[in-house]
There are 2 protein chains.
Amino acid sequence: MRIIKLDESSKKNILNDLLKRSPNNYDNFADSVNAILANVKENGDKALFQYTKDFDKADINASNIKVTEEEIKEAYDRLENPELVQVIRKSLKNIKEYHEKQKQYSWFDSKPDGSILGQKVTPLSRVGVYVPGGKAAYPSSVLMNVIPAKVAGVEQIVMVTPPGKDGKVNPNTLVAANEAGVDVIYKVGGAQAIAALAYGTESIAKVDKIVGPGNIYVALAKKAVFGYVSIDSVAGPSEILVLADETANPRYVAADLLSQAEHDELASAILVTTSEELANKVSEYVDMFVSKLKRKEILQKSLDNYGYILVTDTMQAAIDTANDIASEHLEIVTKNPFDTMTRIKNAGAIFLGENSSEPLGDYFAGPNHVLPTNGTAKFFSPLSVDDFIKKSSIISYSREALEPLSEDIQKFAKAEGLTAHANSIRVRFEEDDDIKE
Amino acid sequence: MRIIKLDESSKKNILNDLLKRSPNNYDNFADSVNAILANVKENGDKALFQYTKDFDKADINASNIKVTEEEIKEAYDRLENPELVQVIRKSLKNIKEYHEKQKQYSWFDSKPDGSILGQKVTPLSRVGVYVPGGKAAYPSSVLMNVIPAKVAGVEQIVMVTPPGKDGKVNPNTLVAANEAGVDVIYKVGGAQAIAALAYGTESIAKVDKIVGPGNIYVALAKKAVFGYVSIDSVAGPSEILVLADETANPRYVAADLLSQAEHDELASAILVTTSEELANKVSEYVDMFVSKLKRKEILQKSLDNYGYILVTDTMQAAIDTANDIASEHLEIVTKNPFDTMTRIKNAGAIFLGENSSEPLGDYFAGPNHVLPTNGTAKFFSPLSVDDFIKKSSIISYSREALEPLSEDIQKFAKAEGLTAHANSIRVRFEEDDDIKE
């Protein structure tokens, strides 16, 4: 891995480079995505089935688009590794337990003048979860997208996922969906699936929100339908940043960097450290592991593209760099990781200490692995129960509570030229409707 | 106002009609908005100043784009109604008090095996607030957008607002901004202001999130930069739905309907009631008030376009209709409004009882008046402190806590074909790096 002594100018270049991976830079796909969306909006199922024939080479129609109970039962038998069921169940338990703690509750505050203010929390009614097909069909991702919706109390959770040529869905996906409690699964993928969820078709009813990762077509389609429905944040390529001082174990750090680099060629693995010795040792371990791991080609490409070992003079400079990059995953391996953590502003998930390796969070610890990528941890949060609720303000005033505000509300309304607003207060305290404006 | 006896088919038509007002249906402006965004991204200040010259007819440059302290002082003297300052201060106090209750806190949960899971809450660093110029420069809106950011602890709150031809900003806006605690104000508006906030220019640094209402150009620009930065939900025209039975006061209901209808010709005012008698009386009062109010032309147009009195057979049918419409403002004026409220799923703000008139919420009660419009209350929430924070997951495991999960994590990773993930766990429990895959 390349080792760079960090200064302001190299930092700026690296930051710009990393942002090039953003799905926001692929607007050249927008026309074909918009055409698909418009066609499904206009022609419903007919368009949906045609795209599935064209793109997935699968014959899907109104009678087989919905995964049957038999197909789900069969999926358990089709599992390559039957042990996966038990592993999924253990992981599911932890994920559920963590997300239960995120639940928010309705509240109200009353005053003795008869006024009540509050906030009502209501789960979304219908949510659509997109699950990619092929090599990116991760059962862990199914759990991470479905469980927060389930914990929030969503009435119906709908899954869409592209079928193989044989019209079947990946058994790992079906088993994970069934274990997590998905209500209905449709065999359709790509931008056309997003269109179906956003607008509704004869077979698929419109949802309130669409979540889940997908390729560039899916990402752009989700962005395009934002406003018709809600969406989770637009997912970019995976990232890990390890913030370490001389106390870190270089073998662990190297292995952890590679755990994200293996995702794809756009994935980014970065070590920021105050220790040149650590930098050199990690680089050696990385080379050794790459030579032995199955996905060595992807690993080498993603390291060449977006892998860096950055050496800084001070821990504060290292922390500033971590905050500037705002990585999806941040491992802190310093003498006192909790102390370092207090100075972190921007990160999707923060892993503290040498035993908190990133894959623990991907699969088992409980927190969500759907995290803000590509610098968006500056303003986005991990997927959570919050994503599957909405709030309504509650206002209940008595006449006694309204009266002392009556004049001021009317003044404010009139200052904004909104005299019908003022009138709505006035009528409650004046009998006469001879309005003077 | 037209009175309609509601059935499934008339309901469907009305729902479709209301959705036509969506800012999502104005994609024909998208090309000019995208051109503005691209130009500002490429040419920074130069493009910004040129657009301000073209669109606002104002001469703005690097030396006068920032509102000075003198200009703010002067604004207090320029106020048309000097009483507004006191009114703003009283309102501000209530808004702050309500939003303080929305604050969320970091939490953690530890187990005696040395594992800690948690969630860290961090305010956003820099937020941009858009404030329209001209007739839509509402000081109340400034308070509602700025105070939640302030309560959240945002480090820097930046405001952008278009200048008049004389290069000056509406004094109401400046006074409200100063009272609410805005840190810096730039004289620039339209899609070009959104571009500056999203990408940064020489004069204006990039922000993390953009909030605030604007015209169709501003709305489309915000949607286009979503992902580079976060945005609040895309605002549509205002709405009120009054859900009433025979106990409601028709004079109050009529006045409240008009308080939203006066906003603009796309605003929607709807009464849903089980009482034909109330329907008729409200219609009469509406006609009487319209004839006397200043904004009678807008009122009549918005009532003709999107005003309805809908009569249903049962209260359940009325409630279902309210949930289908998912109105921005919902007034419940029934025998037991709290009981009715429990059955409401979708509404931005819920006003209970005959003294909770909608303008009370617009100006004074405390809850935010930036609310989801156009059916989006099905999945969006009022603007709140939540909009100005982000969360990071916290994972800290001891060796003792990781060890029992070690095998399962590796199994899960291998089932997904992610062997470098498995390796990152393995290295912690095996000395030997002779990886068998």
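The values are calculated or read from the model by the stated rules, or taken from the named source; none is laboratory data. Quick caveat, the model's predicted, so the values are computed rather than measured. Cβ placement follows ideal geometry from the backbone for every residue including glycine, while neighbour counts extend to all protein chains displayed. Only protein heavy atoms, including side chains, enter the accessible area calculation; ligands, DNA and RNA are left aside. Shrake-Rupley method; radii C 1.70, N 1.55, O 1.52, S 1.80 Å.
The table that follows gives values for the structure above.
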{"item": "Residue among B:295, B:343 that is among the charged types (D, E, K, R) and within 10 Å of chain A (Cβ to nearest Cβ)", "result": "B:295"}
{"item": "Qualifying residues in the range A:236-268 (those that are at the interface with chain B (Cβ under 10 Å from one of its Cβ atoms) and small (Gly, Ala, Ser)) - the one farthest from residue A:335 (Cα to Cα)", "result": "A:236"}
{"item": "Residue in the range A:397-405 that is open to solvent by less than 10 Å² (accessible area, probe 1.4 Å) and either of a type in the set (Val, Ile, Thr) or farther than 25 Å from residue B:99 by Cα (or both) present", "result": "no"}
{"item": "Unmet requirement for residue B:191, which otherwise passes all of (1) under 17 Å from the mean Cα position of the chain (by Cα); (2) in a helix (DSSP H, G or I); (3) of a type in the set (A, V, I, L, M, F, W, C); (4) farther than 30 Å from residue B:308 by Cβ", "result": "(1)"}
{"item": "Scope the range B:44-58; condition open to solvent by less than 100 Å² (accessible area, probe 1.4 Å) and either in contact with a strand residue (DSSP E or B) (Cβ under 8 Å, 6 or more places away or on another chain) or more than 11 Å from residue B:196 (Cβ to Cβ) (or both); matching residues", "result": "B:50, B:52, B:53, B:54, B:56, B:58"}
{"item": "Per-region count, the range B:116-149, residues within 16 Å of residue A:366 (Cα to Cα) and open to solvent by 10 Å² or more (accessible area, probe 1.4 Å)", "result": "4"}
{"item": "Matching entry among B:338, B:351, B:379 (being closer than 17 Å to residue B:243 by Cα, aromatic (Phe, Trp, Tyr), at the interface with chain A (Cβ under 8 Å from one of its Cβ atoms) and open to solvent by 10 Å² or more (accessible area, probe 1.4 Å))", "result": "B:338"}
{"item": "Of all residues in the range B:59-92 being exposed (fewer than 13 other Cβ atoms within 10 Å of the Cβ) and outside any loop (DSSP other than H, G, I, E, B), the one that is nearest to the other protein chains (Cβ to nearest Cβ)", "result": "B:86"}
{"item": "Residue within the range A:129-151 that is part of a strand (DSSP E or B) and of a type outside the set (Asp, Glu) present", "result": "yes"}
{"item": "Of all residues making up the range A:218-273, the number that are β-branched (Val, Ile, Thr) and touching a Lys or Arg at 6+ places or on another chain (Cβ under 7 Å)", "result": "4"}
{"item": "One residue from A:128, A:133 being more than 11 Å from chain B (Cβ to nearest Cβ) and modelled with pLDDT under 95", "result": "A:133"}
{"item": "Candidate set: the range B:169-179, residues that are in contact with a Lys or Arg (Cβ under 8 Å, 6 or more places away or on another chain) and open to solvent by 10 Å² or more (accessible area, probe 1.4 Å); chosen: the one nearest to residue B:53 (Cα to Cα)", "result": "B:171"}
